[in-house]
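Beneath this line is the structure, given in structure tokens, with notes to follow.
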């Protein structure tokens, strides 16, 4: 797949603190790329390197086949985690100014702003000052300012903080629409449920090192443990439990059900297949529930960081 | 503020002019009891003092009368054997301490008379002496043949002082403005959005130059508006702010040499100042000095989180500035070409103010040029230094920067 952004062995040291250490990632064109990691892992530093705010000590970043250059800023839209706007400046004036900083002409900027303001139904805020708006409203303006110059690469650092669920959903849909329209998105967050929902690729950074990256499904496949959640209805629960314990590794589990059944998480050896398990279980009673346990992004995150 | 400030300023001047007019309207009455009978017509009424000689009345009565009538003061001249004795016996009674100008008036009158009396006593005709007295007015000239005068020195001082002080004020006002705008971008957290579009160095320079131009515009607007308002106030209210006179001015005029003559001399002296030199150097030093300090103000703004944290960093900036003004107003006045004056007119942090104050007194061109070169070279240095701090500082939130921390930033 074609890569929009490639980072090769990027390192940055502040004083004696190694913020990021030899990080290499490849962000495919048109993907939503999750940049994950605990607090202080170096995500923001890495993002600032891509935005040319911080110059890396070693390594290089390639955007769309070209080594990163100052003029590339117009192809990037960046929503930082620490964000804000001029409090006493009018919304419209401010948005025009920021658009022109990104290289748009005034008329072009006006057109795009009109489009986005109409789309998010915030047209009548044009002459308001930021300090008159609520935090969520200001975040909407901030989002518009980030995307209005149609950048090829969008970088969102914790984009949903400050939004209520309704607006968070709205912004999520807008982000996905931008991807469908051809933008590539780098997405840094702690909120694993949004990773699950949106990202197709991820990279996990811990203490400045990349410890995991790839397609989310591939990673999940790799982290699956041949474990299944099963429900089995039988007249002899004790006998069946003893039998299962002997053959497999059993974990207790509870899930909602209308039946009165045995509920277990069963890990089978790699030599066995799901079919083998189903055949075996049907011989013991009535199979009422059978689901493969797929590791969630949250599980993978916690496990890898802990093992690291 | 741009429109309000000059209006307020003119308003204050008008008020002062009005109040001092009211003040001098009140005529002060001073009673005189002259037992020596020497000073019969010696005291002449002036605009603000009315002398009222008392006679055939005792000292105690006269004093009481003056106090009860609430006269401004009561001058008692006792009868003495000799004139010498008189000198220490004259007493002036008043409710409060009398104003200096009035005392000067009275003292002059008494001294005049006593001197004449003494001369007569010694058999010398005072009129003869007056005739023989020669007014000495030494012509001052430099070795190069340039005419100078005391008035000229004063004017040079005014020109230099005004230029230096203007720069000093400009640095403080607009330096602070830059600092505040940097802090604002930091606290509102817009800074990271901006520097993902603009290089920090560009932003820093843009901020410095932008504020400078805004400042100059505001300054010019003030000057023009003050002029306009003054004209309006003068013609509408009929009060001329320039009538606000200090006692010195009054005395100067009273001492003869009419106002016109002074005006002629002033014009002559201004013409003999190195005007072109002064203007060019004013512009250069003004820009250089302001930019130098402005970049430091920007660095401070980047290093702190709020205006309250700026205190510890302001000192090192204000110290050289204040020192420059002190050196200017004390040392340069005393000796414009002394070693101290010369040294401080080369140190870039003081040179703009000190050199500007020296130039009217005539500074060799090579000194001026070297000083300007040093100033601009240092400016490039401070901008480099400031941009290093700025680049790191604007992205540091919640960290209280110490000097140690800032030195570390220079290496990032």
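Once the convex hull of all Cα atoms in region B:161-409 is built, its volume per residue stands at 172 Å³. Our helix-only sum for chain B, with -39,500 (n - 2.57) per DSSP H run of n ≥ 4 divided by its residues, gives a mean residue ellipticity at 222 nm of -21500 deg cm²/dmol. Measuring how big region A:153-287 is from its alpha-carbon positions, Rg and Dmax come out at 21.3, 60 Å. Here the sum of -39500 (n - 2.57) over DSSP H runs of 4 or more residues, divided by the residues of chain A, equals -10500 deg cm²/dmol at 222 nm, to the nearest 500. Per residue of peptide A:77-90, the mean number of Cβ atoms on other chains within 10 Å of the residue Cβ is 4.
Note on residue B:198 and residue B:120: the extension gain reaches 19.2 nm, defined as 0.36 nm multiplied by sequence separation minus the Cα-Cα distance. Taking every residue in B:401-410 and counting other chain Cβ atoms within 10 Å of its Cβ, the average works out to 1. The angle between the Cα long axis of helix B:100-121 and the longest principal axis of the Cα atoms of chain B comes to about 40 degrees, rounded to the nearest 10. The slack in the chain from residue A:108 to residue A:39, taken as 0.36 nm per residue of separation less the alpha-carbon distance, amounts to 21.0 nm. With both labels modelled 7 Å from their Cα along Cα-to-Cβ, the residue B:50 to residue B:337 distance reads 5.7 nm. Highest-first packing order for the peptide set A:8-20, B:55-67 is A:8-20, B:55-67, based on the mean count of other beta carbon atoms within 10 Å.
Across peptide B:180-188, the mean count of Cβ atoms from other chains lying within 10 Å of each residue's own Cβ comes to 2. The DSSP beta bridges internal to chain A are antiparallel in roughly 70% of cases. The distance separating the Cα centre of region A:172-237 from that of region B:344-412 comes to 53 Å.
The label-point distance for residue B:314 and residue A:127, in a model that sets each label 7 Å from Cα toward Cβ, rounds to 3.8 nm.
Taking a quarter of the surface of the Cα convex hull of region A:225-292 gives a mean projected area of 4.2 nm². Summary of packing: across the peptides A:97-107, B:167-177, A:35-45, the per-residue average of other C-beta atoms within 10 Å ranks them, highest first, as A:35-45, B:167-177, A:97-107. For region B:284-343, the alpha carbon convex hull comes to 93 Å³ per residue, rounded to a whole number. Counted over the protein assembly as shown, the DSSP beta bridges are approximately 60% antiparallel.
As a proxy for reagent exposure, ranking B:195, B:369, A:141 by other Cβ atoms within 10 Å from fewest up yields B:369, A:141, B:195. P(r) tail for region B:26-129: Cα pairs beyond 17 Å make up 53% of the total.
The convex hull around the C-alpha trace of region B:344-412, projected and averaged over every direction, spans 5.8 square nanometres. Mind running the shape call on the protein assembly as shown? Use the C-alpha gyration tensor, a ≥ b ≥ c as the square roots of the eigenvalues: rounded below 1.5 for a/c, prolate if a/b tops b/c, oblate otherwise. Prolate shape, in that a/c is at least 1.5 and a/b is the bigger ratio. Based on the Stokes-Einstein relation at 4 °C and a viscosity of 1.567 mPa s, and on the Kirkwood radius from alpha carbon pairs, chain A is assigned a translational diffusion coefficient of 58 µm²/s.
Read-outs throughout are calculated quantities, based only on the coordinates presented, and are distinct from any laboratory measurement. Since the structure is predicted, the reported quantities are computational estimates derived from the model, not experimental observations. Note that we place each Cβ from the backbone using ideal geometry, even for glycine, and neighbour counts take in every protein chain shown.
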